[in-house]
Structure formats: C-alpha cells, structure tokens
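Note sheet for the following structure.
The values are calculated or read from the model by the stated rules, or taken from the named source; none is laboratory data. Keep in mind the model is a prediction, meaning the values are calculated, not measured. All Cβ positions, even for glycine, are placed from backbone atoms using ideal geometry, and neighbour counts span all protein chains on display. Ligands, DNA and RNA are excluded from the accessible area calculation, which covers all protein heavy atoms including side chains. Shrake-Rupley method; radii C 1.70, N 1.55, O 1.52, S 1.80 Å.
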Amino acid sequence: MNLTRAFLSDLNVAILVDQGDAGAVGPLRITAEQTNSGLDGTADDRWGPTGLLTGEELAKVTARCLNAAMLIDRDDLASAAQALEILVTQQLARIDADDPVALMEEAMGYVLKQERWAFSIVRDKREDGVRLSLGNPNGAPVPLAVHVSLSGKTPSFWVMQDRRLIQGGHAYKIPIQAATALKQAIQDYLDAHDIGTTRPHGR
C-alpha cells in the first residue's frame, strides 16, 4: 500500500499526488467553482459560510476532507467518507455527554506532544467556564489559551490571546478544531515574538 498518496490543493483544483514518486499526479482531479459569484445577500444568509467560499478555499476543504477519510481507509474512500461523518457525529455527542474541559485538555495535550512543545496546560475557573492557558516553566510566558464556555446549551471552545478572541473570533464545536487553531496561533506567536527567550521545546 502506498502511504505517500495525499490530496493537495492547487488554486481551485484538488489533486491526488504521490509524494514519494517525485510528485506524480494521480488520475483524480476535482475542480471547484467559485461558489459566491452571483449570490446576493439573501442567498449568503441562507447558505452561511459555504456561500462565501472561493474556488481555492473549496479545493482546500475538499483535499482536507479526503485526506481525513484516507486516514480511516485508504482502499475504500467512499466507505471511509461515511465513517468520517459518523465519527464526527459521535465526537459531538461525546462532548455533550462527557467532560468538555477534560476533552479539550486531551486535544491540547495531543497537539503539544505532536509539535514537541514543552508547554503545560493550566486550568483557570471562570464564571462562564474554564480557561485552559499555556504554562511555560522553561521560558517567557505565551499568552494563549482556549476558553471552554459552559454557559450555553452545548459547550463551545474559543481560542484567545490575553483577553482577545483570535482565529476569526468564532467558537469551535469540537476540541480538536480548537486545538488545531491553537497550534497555528502558537506558531504565529513564536514567529512574531520569540527572540530566544520562549524556549518552546524546553531547552
């Protein structure tokens, strides 16, 4: 089985590429049309964010969804896509049933371990939920956190820098979404602010 196959997006096209064979392009190309052309405000309101996707953004979404499905079953992509949908539905149900703060800590811990960052996770109770901040015992503070809001009917997860919402200022429904957004926020912060005093890897 070829483990180097992956879907990549190039402008408004999602293509299957063999990254281990000098970037050989596979037999599948998916072209995404620009979905917001010709839509008025009413249509945008009706279709939500999907009505605002450009062809390039839609190609990226398609590639990411297909890659996620391939993690489940590389040999039967149609069944894998169905399994992915079921998996996300189960995850959403689990958040309602289980401890959302613990699930968020678990997702953050996974991302930190994946990136080999030595940050700890610090719980801070708030009136409307729990703030999970980054602790950095090895260097300068990193003012990033995920706020788990417990005030609504279902939990929501907000990525924050100090008291400011980042990543578009919207809540995520699944902990791994927020953890992935936090990972990008950490990398952006390190790129912009680290002058050698943060020591994210603990050295």
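For residue 143, state whether it is surrounded by fewer than 17 Cβ atoms within 10 Å (Cβ to Cβ) and touching a residue at least 12 places away in the same chain (Cβ under 8 Å).
So residue 143 passes the test.
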**Prompt:** Which number in (1) out of contact with any strand residue (DSSP E or B) (no Cβ under 9 Å at 6 or more places or on another chain); (2) at pLDDT 90 or above; (3) not in a loop (DSSP other than H, G, I, E, B) marks the one condition that residue 51 misses?
**Reply:** (2)
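Every residue, every condition in (1) in contact with a Phe, Trp or Tyr (Cβ under 7 Å, 6 or more places away or on another chain); (2) open to solvent by less than 80 Å² (accessible area, probe 1.4 Å); (3) touching a residue at least 60 places away in the same chain (Cβ under 8 Å); (4) under 16 Å from residue 135 (Cβ atoms), yes or no:
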{"residue": "163", "(1), (2), (3), (4)": "no, no, no, no"}
{"residue": "170", "(1), (2), (3), (4)": "no, no, no, no"}
{"residue": "193", "(1), (2), (3), (4)": "no, no, no, no"}
{"residue": "200", "(1), (2), (3), (4)": "yes, yes, yes, yes"}
{"residue": "203", "(1), (2), (3), (4)": "no, no, yes, no"}
**residue 83 among the small types (Gly, Ala, Ser), assigned by the TED database to the domain that holds residue 176 and either open to solvent by less than 40 Å² (accessible area, probe 1.4 Å) or in contact with a Leu (Cβ under 8 Å, 6 or more places away or on another chain) (or both)** = no
**Message:** Against the definition (basic (Lys, Arg), touching a residue at least 60 places away in the same chain (Cβ under 8 Å) and open to solvent by 60 Å² or more (accessible area, probe 1.4 Å)), how does residue 183 come out, yes or no?
**Reply:** no
